[in-house]
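Asks: Below are the structure tokens for one structure; questions will follow.
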Amino acid sequence: MKRFTDTAKWTDPWFRRLSGQAKMLWMYAVDHCNPAGVVEIDLAFVSLDTGLKISESHIKELGDRLETNGQKFIIPKFIYFQYNKISRDCRPHIKVFEAIDSDKLVCDGKGYHFPSYTLSDRVSNKVSDTPQEEEEDKDKTKTGDRVIPSKAKGTLEEVMEFCKANGLYPRDAESCFFKWESNGWTNGGQKIKDWKMTIRAWKSSGHLPSIKTPMTSDCWPSEVLPQPSDDFDVMLNWQKTKREREEREAQGWKEPEAVDYVVAGEGELL
């Protein structure tokens, strides 16, 4: 995906005052956000991809250039910079409006914001702990001497269900769950705040087992199909056929029953 970039940022006093990590985080957010400027930031993955240790303090450095609703972040002026004016009648802007509608973004004439936007949503004042999260913190899961927020820990069944709903497979769910169970539900040395968001980020970055090393056995129990040989080309064709079959079935297609065709008067099968 190609986007406009501001080459003058290197002489912008705001950008020049940022630390090296905050500069990299800003460019990472601009490159990874959707057409409306909304992006999910997993600090562990940003650190892995950039080779720098990125923390919440670097998010705060960006000030009101980045806002959050507690789960996602948005660059308020991204749409204005990339498209200037947008119209629902313009075909290239369809994806932009789909992204706006998906997160129910609102425009105040200066930029686009999450619907709950207030001054306290600005990252300069608060990175997380929205009123909704503070309410959810009352419902916690206790493990040993540690108290973990419910969003930060899930059961194997919940992880399995979430992975299946997001097009992933059992070994993805088991890999995540048992890894987190063994390390105290941490990621990159930091406690996981939302395991669902972490799985989404891992899927997007291609770090899950079924994405890194596809296997013919990747399917849910109700989807088991005859297995092909170990030949790599055959495996790819089999996976393609499986995907096409799932797409047809999702549209209501049913496989026709087998019929024997007989030549009239001869009684011989064709």
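The numbers here are math on the coordinates, done by the rules we state, and not lab data. These figures come from a predicted structure and were not determined experimentally. Reconstructed Cβ throughout: ideal geometry from the backbone, glycine too, with neighbour counts over all protein chains shown.
Asks: At a 10 angstrom cut-off on C-beta neighbours, averaged per residue, how do the peptides 197-204, 153-160, 61-68, 183-190 rank from highest to lowest?
Replies: Working: 197-204: 18.1, 153-160: 16.6, 61-68: 19.6, 183-190: 14.8.
The peptides rank, most packed first, as 61-68, 197-204, 153-160, 183-190.
Asks: Checking the table 9/60; 95/151; 72/240; 53/203; 77/104; 110/196 against a 25 Å threshold on Cα-Cα, which pairs fail? Display every interim value, and only then the final one.
Replies: Details: 9/60 19 Å; 95/151 30 Å; 72/240 33 Å; 53/203 21 Å; 77/104 16 Å; 110/196 32 Å.
Beyond 25 Å: 95/151; 72/240; 110/196.
Asks: Moving on to the next point. Report the extension gain between residue 116 and residue 196 in nm, rounded to one decimal, defined as 0.36 nm multiplied by the number of residues separating them, less their alpha carbon distance.
Replies: Numbers: separation 80, 0.36 × 80 = 28.80 nm, distance 2.15 nm.
My answer for the length gained is 26.7 nm.
Asks: Around residue 187, which amide H atoms from residues at least 5 apart in sequence, or from another chain, sit under 5 Å from its own amide H, with H modelled in the peptide plane?
Replies: 192
Asks: Continuing with this model, one more query. Cβ under 14 Å from residue 10's Cβ, residue 10 left aside: what net charge do those residues give with Lys, Arg +1 and Asp, Glu -1?
Replies: In short, +2.
Asks: List residues of region 160-182, by number, whose backbone nitrogen lies under 12 Å from a label position 7 Å along Cα→C-beta of residue 242.
Replies: It comes to 168-171, nothing else.
Asks: Taking the Cα-to-Cβ direction at residue 48 and at residue 220 and moving 7 Å from each Cα, how far apart do the two end points lie in nm?
Replies: It is 2.5 nm.
Asks: Now for a separate question. Assigning unit charges at the beta carbon (Lys, Arg +1; Asp, Glu -1) and nothing else, what dipole magnitude in debye, to the nearest 20, does region 7-121 show about its Cα centre?
Replies: Using Cβ point charges on Lys, Arg, Asp and Glu, region 7-121 gives about 400 debye.
Asks: Across bins of 10 angstrom width beginning at 0, how are the C-alpha pair distances of region 7-121 distributed, in whole percent?
Replies: P(r) for region 7-121, in whole percents per bin: 13, 44, 33, 10, 0.
Asks: Using mean Cβ contacts within 10 Å as the protection proxy, how do 167-174, 101-108, 208-215 order, highest first? Could you put the intermediate results ahead of the total?
Replies: Numbers: 167-174: 19.1, 101-108: 13.1, 208-215: 14.6.
The packing order, highest mean first, is 167-174, 208-215, 101-108.
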